[in-house]
Amino acid sequence: MVCIKPDKELSMAIELKRKKFLKELSNLIFFWFFGVAFFTIFRLVFITIFRQKIQHEIGFSEILDVLFMGFRFDCTAVAYFLLLPFLLLLVLAPFNRYRIIVITRKVHQVFFIILSTLICVITINYFKEYGDQFNHFLFLALYDDKKAVMNTILVDFHPILNSLIIILTVIVGLLVFRFFNDKKNIYQVFKKIRFKRSKYVFAFLVLVLFVFGIRGSFSTIPILREYSGISKDNFLNKTIINPFRSLKYAIKDFNRLNEHGNKNPYMDEALFKATFPQDKVTDVLKKTAQGPTIQKPKQIFLVVMESYDSWPLMDKYLPFNFSSQLNSIAKKGTHFSHFLASGNTTIDSFGAIMTNVPNCGINLSHIGTSAAPFETSIFTQFKKLGYETNFYYGGYLSWENIGDLSKYYGVDRIYSGVDGGGKTDTGGWGIEDEKLFNLVMQHTDKDKYSLNIILTTSYHAPYTVDLEAKGFPYKSTDDFPQAMKKYYDGAMNLKELGHLWYGDKAIGDFVRKAEKEFTESIFNFTGDHFGRKFPNSKPNLYEKSSVAYIMYGKSIPKSLNLTPGSHIDIMPTLIEMIAPKGFEYYSFGESMFTKGKNEGIAFDKMIDGNDLYYFPKGANIEKIDLTTFKETSFKRSDLELKHNKLMALAWYYTMKGNDLKTKKSK
């Protein structure tokens, strides 16, 4: 019988504990390596898929810089999945509770594979639609028509293909973890390094690396969103932030703008009070009309066109013939080309047009009708001018609560897609535009003075108008004019371009009928937002920002007008054209015909003279010269302060109300 000495038994027990500890530590290190490699591969796939969006010559060193900065963001995401398993290893290892430690680590590995695969696939599809990683658009689906959203996903975002990719990636990831679970490559390295209390030294070093990982930095400042702008190419910069961090920033920005607290996100309280010493917001906004410049029109039509941006009206793209109808109308009226949408979504821009309050990142439908209606409302102020107010919408009034909101802000009559036949023809979002315009023709009284706001829907996913039946001239992209093919690289498909053409066609048909029926009318046209789609993968800042504003009708001058403006300038433009001298009204904007007007301000964007600026959160300011279309970027601009001044007042009016002297709540 062999007798083992107590000290040898103790030595063997210590060695066994050391072996278990180092083996589990090795598995956690492999988990970290796998996580970082997973996101690095995702980033490379991301760049490859959207490589046509790279607009600058990029060297190998710059790619390495992008990957390294992305690696730092990835470390923070992976570290959160390692947090609990690592802490349990440190706490429970002395008690030999490795079963709990191992199970926890394996569960987190499964969570990592499933959640990371989901968020990466969603990010790619999200970027395809919105040209960015997660931002405030993400929250629109919470308030959109759920049936319409689901229909769009089923038709436009290839759910079967995406599901297969997700399932395959998850299976491969789990197999990799299973295969390497019992491998000892990292463990063998640790095992060879032996010195007194080496286990604790390893744990300390891993703890230091873990702290670096969760912060993305060894310095006193952790990795921040601002660090992502290291490349001269904006697209590559958008690939740097890890999808989990991107989601975190989107939620943070949404909450920052929509919280009902006391902190104005655009200006500190002391500066705000000094800038706006008046008693009420409406004291700041009060204006007096200078007197009419045209004969008072009987009907005013304001058509807010779904996704209709400025680029189809630019000279170099006109031969595509996607916008021949609106271009013809613009040639006979006034075309404001230096113009911005107030928001990046339909409800944000429509809300700004309806209320005249600039979109400051807050969706009016989220606030609902809890506060007093804005005195700046276009419906309220046109009633004072003797106009009946009508709103025609091609979709359902439940969408974004748009029906109740319009009533709350004073509209007299509302007509929706239900009135145009009930069941929509173009998927879930709305009836075909021609049916919407038929509603306008049927329900607008030619004997009454009326303001008629029309919100179209057809140029929107899932793009189901029968284009061939409508006369779309192209059967394939090969049929494009030869001179236009250099501007097309497949970034938009033929169906999408065909719906742009259809929306334009419906406008032309409507105007031809309406100007005969309503002989004393004027027409106004603007896009609700940049369409987020472009014929090629490299739109410049103007092409992915601007919407047109076009006026046409009796006494409207023929001109291409370069005065800068945005949606909040439409209402004062109309009021100053038709209101009697001395008429008092409230407006955040000013008439587009005001002498010396030199700026147009929208959410995150601004046109000053012939320069368009974009103020992205946590990144360099972008600028494009609208005479040469040369683009530059820089850190700061005094114009951002002017932009934030307007946004601060809009935020206050939206969240706090009209009283500027309200005491700070405790």
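The values are calculated or read from the model by the stated rules, or taken from the named source; none is laboratory data. All values reported here derive from a predicted model rather than from experimental measurement. Note that we place each Cβ from the backbone using ideal geometry, even for glycine, and neighbour counts take in every protein chain shown. Keep in mind that these areas ignore ligands, DNA and RNA; they rest on the heavy atoms of the full protein, side chains included. Shrake-Rupley method; radii C 1.70, N 1.55, O 1.52, S 1.80 Å.
Brief remarks on what is shown
- The set of residues in segment 83-124 being modelled with pLDDT under 90 and open to solvent by less than 30 Å² (accessible area, probe 1.4 Å) consists of F86, L89, A93, Y98.
- Residues of segment 616-657 that turn out to be at pLDDT 95 or above and assigned to a loop (DSSP other than H, G, I, E, B), as a count: 5
- Condition broken by A483, with the remaining ones in (1) within 30 Å of H158 (Cβ to Cβ); (2) out of contact with any Phe, Trp or Tyr (no Cβ under 6 Å at 6 or more places or on another chain); (3) not in a loop (DSSP other than H, G, I, E, B) satisfied: (1)
- Subset tally (residues that are in contact with a Leu (Cβ under 7 Å, 6 or more places away or on another chain), assigned to a helix (DSSP H, G or I) and over 18 Å from L612 (Cβ atoms)) for segment 313-340: 3
- Residues that are under 16 Å from Y415 (Cβ atoms) and more than 32 Å from the chain's Cα centre (by Cα) were ranked within segment 447-475; the one that is surrounded by the fewest Cβ atoms within 10 Å (Cβ to Cβ) is K448.
- A residue that is assigned to a helix (DSSP H, G or I), open to solvent by less than 10 Å² (accessible area, probe 1.4 Å) and either touching a helix residue (DSSP H, G or I) at 6+ places or on another chain (Cβ under 9 Å) or under 22 Å from S328 (Cβ atoms) (or both) cannot be found anywhere in segment 544-558.
- Residue check, A506 outside any strand (DSSP E or B), aliphatic (A, V, I, L, M) and open to solvent by 50 Å² or more (accessible area, probe 1.4 Å): no
- Any hit, segment 179-191, residues being more than 30 Å from I103 (Cβ to Cβ), among the hydrophobic types (A, V, I, L, M, F, W, C) and at pLDDT below 70: no
- Long-range neighbours under 6 Å by Cβ, at least six apart or interchain, first residue touching a residue at least 40 places away in the same chain (Cβ under 8 Å) within segment 162-178, second outside any helix (DSSP H, G or I) and open to solvent by 70 Å² or more (accessible area, probe 1.4 Å): none
- Every residue from segment 522-536 that is of a type in the set (S, T, N, Q) and open to solvent by 10 Å² or more (accessible area, probe 1.4 Å): N536
- Which numbered condition K581 fails, given (1) assigned to a loop (DSSP other than H, G, I, E, B); (2) buried (at least 17 other Cβ atoms within 10 Å of the Cβ); (3) at pLDDT 95 or above: (2)
- Residue within segment 290-313 that is over 22 Å from Y549 (Cβ atoms), at pLDDT 95 or above and open to solvent by 40 Å² or more (accessible area, probe 1.4 Å) present: no
- Within segment 611-655, restricting attention to residues that are aromatic (F, W, Y) and open to solvent by 50 Å² or more (accessible area, probe 1.4 Å), the residue that is nearest to K238 (Cα to Cα) is Y614.
- Residues that are at pLDDT 85 or above, under 14 Å from I122 (Cα atoms) and aliphatic (A, V, I, L, M) within segment 146-175 comprise I160, L161, L164, I165, I166, I167, listed in sequence order.
- As for segment 224-238, it holds at least one residue that is basic (K, R), at pLDDT 85 or above and surrounded by 14 or more Cβ atoms within 10 Å (Cβ to Cβ).
- Of the helices (runs of 4 or more DSSP H) lying entirely inside segment 346-414, the ones with 1 or more residues being among the small types (G, A, S), at negative phi and free of Cβ contacts under 8 Å to residues at least 60 places away in the same chain are found at 346-355, 402-408.
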